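I have placed the structure first, in the form of structure tokens, so that the comments after it can refer back to it.
Derivation of every value follows stated rules applied to the coordinates shown; laboratory data play no part. Keep in mind the model is a prediction, meaning the values are calculated, not measured. Glycine gets a Cβ as well: all are built from the backbone with ideal geometry, and neighbour counts include every protein chain shown.
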Amino acid sequence: MSYRMSRIATFAAASAWIGAHSLRAEEPAPAPAGVEERLKDLERRNRELESRLQAVEGGEGPGASARPAGDAPEDAEHPEDPEDPEDPASPAEDGVSDSGLSARYGQLQLTLQIFGDVGFSYRNPPRGDDAHASFFFGSLGLLTSAQIGERFQALSETLIESEEEEVEVDQERLWARWVFSDFLYAKLGIEHTNVSRWNRLYNHGKWLETSIQRPFLARFEHHEGFVPMHYAGVELGGRRVTALGTLEYVGAVSNGRGPTPGERQLTGDLNDSKAFESSLSFLPADLAGLRVGGGCRFDEIPGIDGDPARKHSILELIGNAYVEYRNGALETLAEMTFLQNDDRTGGRTFDHFSAYIQVGYQVGSWTPYTRFDVREMERGDPYLSEEDVDLDRWEQIIGVRHDFYEHAAVKIELGVGREERRRDSGAISRDVYWTIGTQLAWFF
Amino acid sequence: MISRLPSLGARPWATTPVLAALFATPAWTGDGAAPAPVVVVIVHKENKVADPTFKELRALLLLDRQFWPDGSRVVLIRRPTTSAEEKTLLRELYSMTEDKLRKYWTGRLFRGEIPALPSIVRAGPAAVAAVSKDRQAISVVLSTDVEDGVRTLSIDGKRPEDKGYPLAVKEAK
């Protein structure tokens, strides 16, 4: 018998069975006296019918379990036939339950999500040897979240991304944590640093970001970033909900940065000095959607053997503050970071500063947004000049994001800015540039 | 009551006794009109948690608070964004659009702030049944769906039948 025929037969049998029981149930029912009683009676019968139907179709009553996992109630949103066009609450219309793949085995619950993005950009003047216009492969991210029991959780984020002409696989996050309570958790592994709100808010999820590019202060180590975005270490944190609002606190000890900005030291450490960072956030109860916070970080960056300009270590101090406001259709995020490198070899201190403000407003499935972004750097820092991120730059972008499907969005962005560039001769020039970009980002 | 009818749409045969009873019912008048349903917050009947304030409820339903006072984990059972219950929460409690709420949950999982996405239960009676079987569960249903086995929480000291209760359902225009 075909699958369709067996469905029809099951449906007919269920209808006959329930119809017979419904009639039997109706016989002894006395006529309700008032409208309210009639309504209650109808509600009760409706519930009985739902329960009986589920018993026939699934062999279980409603709400077989309320766990947020694979043993969710039969009515939960992972139905056998996810494309039932007559169901007003089919997964295609609902919020989150149709995202990701979820499985449960005993005490283990596993969720897998996949993020991807591709795009096109035009830049004038072009950068380096690149052409004006180019298509690009952005990234493919695989996120795995596992829960074992009530308090143990593990997370992995693996990213496949383009690195110049090659495609690389990077383990961006890998940690496990024990959650004692809302007030305290302990986490061990590779995680994103707390010295940027953008960094911890979006991680590598391009679909989550409203804009195409990250702001200067949150760019990754290999992509013009000057602030550390990853660490390997241990983190303690928690949150406390009070009458005044919610307080979030995080502290971490990690390997710290490697001898060059691109070395993240995720698999080892070249010196015994560890990096320390902490952050604090406050969400006032009387102003839903507002979050203010900041963080700081201290690190001893190791010197480089054989390089007289980097003979000794560099003490790096980072301070960060942000304001975030999301309410209804409005989203605003403003952030500033101060970074100081104390070069013990040259005896000089270099102060760097970067800030941005981004505002977006959702109108239906469209979100127009704009961002002003600036980086004021002190030239000649022996640590940052290796990758030319000791140069000033500002940029103004304006764009629109269109969420054409609940799990996919297209972004179109225009940008104009001015940047300092270091020529082969060592001379610095200031160039105005403008860009057009588009990005297709999705997750499932 | 009206808002519940669509849930029967997928099974038209199931509406037969309901429609028959409706036709047998005298036309509603202003005097006999049933009170408008409200969204109520339910927990297991043996859950002794204190009635929350409006702000505490927001923290619970957005999993800003993930543990009950006795140390057990909060098991949130969400309702579809198409339901009257979730629409009411979006408007009155979350101050978010549907898109923002979707991003909110995806982002929280992506950041590792929650170990898994909350499950979603479509029908109110099924949500009531699920909560009645799980001591750690919390959900929202229409007041007309409430049955034995669950405890209805007051919000800011107001019962669902009280005037000024904050989670009133607005009829779609």
* To do: Give me the orientation-averaged projected area of the Cα convex hull of region B:128-173, in nm², one decimal.
  => 4.1 nm²
* **Distance in nm between pseudo-label sites at A:Glu376 and B:Ser95 (7 Å out along the Cβ direction from Cα)** => 3.2 nm
* Asked: Given the C-alpha centroids of region A:309-338 and region A:382-440, what is the distance between them in whole angstrom?
  -> 18 Å
* Given charges of +1 on the Cβ of Lys and Arg and -1 on the Cβ of Asp and Glu, with all other atoms neutral, how large is the dipole of region A:301-385 about its Cα centre, in debye to the nearest 20? -> 80 debye
* Would you mind putting A:299-306, A:241-248 in packing order, based on average other-beta-carbon counts within 10 Å, highest first? => A:299-306, A:241-248
* Can you work out the FRET efficiency for the pair A:Ile114 and A:Ile357, with r the C-beta to C-beta distance and R0 = 35 Å, to the nearest 0.05? -> 0.65
* Mean Cβ neighbour count within 10 Å, used as a protection proxy, ranking A:159-168, B:120-129, A:116-125 highest first -> B:120-129, A:116-125, A:159-168
* To do: Return one quarter of the surface area of the convex hull spanned by the alpha-carbon atoms of region A:381-442, equal to its mean projected area, in nm².
  => 5.8 nm²
* Take the Cβ-Cβ distance between A:Phe282 and A:Ala427 as r, set R0 to 45 Å, and report the resulting FRET efficiency rounded to the nearest 0.05. => 0.45
* **Lys, Arg +1 and Asp, Glu -1 on Cβ, resulting dipole of region A:162-296 about Cα centre, debye, nearest 20** => 740 debye
* **³J(HN,Hα), Karplus 6.51/-1.76/1.60, whole Hz, each residue of region A:258-272, x for Gly, Pro** => x, x, 10, x, x, 8, 8, 6, 8, 10, x, 9, 8, 9, 7
* **Gain upon complete extension [A:Ile436, A:Leu184; 0.36 nm per residue less C-alpha separation]** => 86.2 nm
* **Rounded, prolate or oblate (a/c below 1.5 giving rounded, otherwise prolate when a/b exceeds b/c) for region B:52-172 by Cα gyration tensor** => rounded
* For region A:120-224, what does the equivalent ellipsoid look like in terms of its semi-axes, each the square root of 5 times an eigenvalue of the Cα gyration tensor, given largest first in whole Å? -> 33, 15, 11
* Put one equal scatterer on each alpha carbon of region A:252-292, apply the Debye formula with no solvent term, and list log10 I(q)/I(0) at q = 0.14, 0.29 1/Å to two decimals. => -0.50, -0.99
* Structure fact -> Under Stokes-Einstein, region A:171-284 at 25 °C and 0.890 mPa s, with its Kirkwood radius over C-alpha pairs, diffuses with a coefficient in µm²/s of 163 µm²/s
* Asked: What is the magnitude of the charge dipole of region A:313-441 about its Cα centre, with +1 placed on the Cβ of each Lys and Arg, -1 on the Cβ of each Asp and Glu, and no other charges, expressed in debye to the nearest 20?
  -> 360 debye
* To do: Within 10 Å of each Cβ in peptide A:153-166, how many partner chain Cβ atoms are there on average? Round it to a whole number, please.
  => 1
* Amide H to amide H under 5 Å from A:Thr246: which residues, 5+ apart in sequence or cross-chain, H placed 1.01 Å off N in plane? -> A:Leu283, A:Ala285
* Structure fact -> For peptide A:109-116, the mean count of other chain Cβ atoms within 10 Å per residue Cβ is 2
* Asked: Can you give me the pair-distance distribution of region A:317-410, C-alpha pairs, 10 Å bins, whole percents?
  -> 15, 33, 25, 18, 8, 1
* Excluding residues fewer than 8 places away in the same chain, name every one of the lysines whose C-alpha is closer than 16 Å to that of A:Lys206. => A:Lys411, B:Lys100, B:Lys103
* When each of B:Lys48/B:Lys158; B:Lys45/B:Lys133; A:Lys187/B:Lys48 is checked by Cα-Cα distance, pairs over 21 Å -> A:Lys187/B:Lys48
